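The values are calculated or read from the model by the stated rules, or taken from the named source; none is laboratory data. The structure presented is a predicted model; accordingly, all values stated were derived computationally and were not measured. Note that we place each Cβ from the backbone using ideal geometry, even for glycine, and neighbour counts take in every protein chain shown.
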Amino acid sequence: MTDRWDALAGRLLEGGGATTRAEARAMLDDGGEADLLGLLAGARRLRERHHGRDVTLHVLQNAKSGACPEDCGFCSQSTRYRESDVERYRMQSVEALVAAAREAASLGATRYCMVTATTGPSGAELATVTEATRRIKAEMPTLGVCASLGFLDAHEARALAEAGVDRFNHNLETSRAHFPKVVGTHSYDDRVATVRAAKAAGMEACCGGIVGLGEGRDDRVDLAFALRELEVESIPVNFLDPRPGTPMADVERPAAEDCLRSLAMMRFVNPSRDIRVAGGREQALGARQALALDAANSLFVQGYLTTGGQGYAADLAMIEGAGYRVALVMPG
């Protein structure tokens, strides 16, 4: 039965249509270790066709922390969860954001992402990000710049694109059906509208979700297909790392096999896309982290917004040990 995933990968590579919902749902069933490894092998065929053996490195910069009025149940940066242990500070300066971009470039990152946990950017925050982007692009033209600033309207999206922001991040997080169980202060459609606004302005869309929010397997499939429908260019797949002081502080982390199956399913549904193994990978995957690279072609280094990672050196060793290589970036 494990040959079915290799056959499906072959069909997709030969132009034989797209992965169906039934096929995607079957990937998430517990079929044992042999089935999991077969699924990852099929995902690897797709990943290597579109991305080779390269792994691109992405660096996040938490440009403003702990001041978000939204109520996302997993997020320690919400002002509603005052018992969370997150660091709180105002918007960083243009100079600080540019300096962090230099550090990202020195690590061989292909993309640098400035993030603010907020409903949407104020005029001053938008001006800070656009000015930082112009300086980054002037000094480091080959470094991709991503921004994640909450909701955008058409004017804000155009301003970012004109400044040189290549990609905008705004995750759907989970399925439309499960979303109201996680977030109450805004809607799923609000998030979809921002993704569309970013793309309409000429930026690529970085849009993914979190595995382990109490969703069912059908919800994970629904998310994968929603991302395919939106034609997002980049898909970060996070795994819940329960944060103290949030409503999800006591939720059990997803099992490593569930995480790997979800990653592989995302690759089969979105074969050519940039798929990133993102927040929570160290805790959720443990010793099986390297297997994620069979489905994902990129990862975050230097930690996440409010939590640290395993460290840059350990990430490089993991990539090399798994038989992959860091994508080279020509100096700007």
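So the values come out like this:
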read-out: Within the range 154-261, helices (runs of 4 or more DSSP H) holding 3 or more residues that are of a type in the set (V, I, T); value: 188-200
read-out: Top-ranked residue of the range 271-284 - restricted to ones that are surrounded by fewer than 23 Cβ atoms within 10 Å (Cβ to Cβ) and at pLDDT 95 or above, ranked as nearest to A105 (Cα to Cα); value: D274
read-out: Top-ranked residue in the range 1-53 [being small (G, A, S) and in a loop (DSSP other than H, G, I, E, B); ranked as surrounded by the fewest Cβ atoms within 10 Å (Cβ to Cβ)]; value: G15
read-out: Options V115, V98: the member that is touching a residue at least 60 places away in the same chain (Cβ under 8 Å) and either under 17 Å from S148 (Cα atoms) or of a type in the set (V, I, T) (or both); value: V115
read-out: Criterion: under 19 Å from G279 (Cβ atoms) and of a type in the set (D, E) - qualifying residue of D85, D30; value: D85
read-out: Scan of the range 135-149 for residues that are touching a residue at least 40 places away in the same chain (Cβ under 8 Å), surrounded by 16 or more Cβ atoms within 10 Å (Cβ to Cβ) and part of a loop (DSSP other than H, G, I, E, B), ordered by number; value: M140, L143
read-out: Residue list for the range 110-130, filter: assigned to a helix (DSSP H, G or I) and either within 11 Å of N62 (Cα to Cα) or of a type in the set (S, T, N, Q) (or both); value: T128, T130
read-out: So S76, is it of a type in the set (G, A, S) and within 30 Å of M265 (Cβ to Cβ); value: yes
read-out: Residue in the range 2-10 that is at pLDDT 95 or above, in contact with a Leu (Cβ under 8 Å, 6 or more places away or on another chain) and under 17 Å from L260 (Cβ atoms) present; value: yes
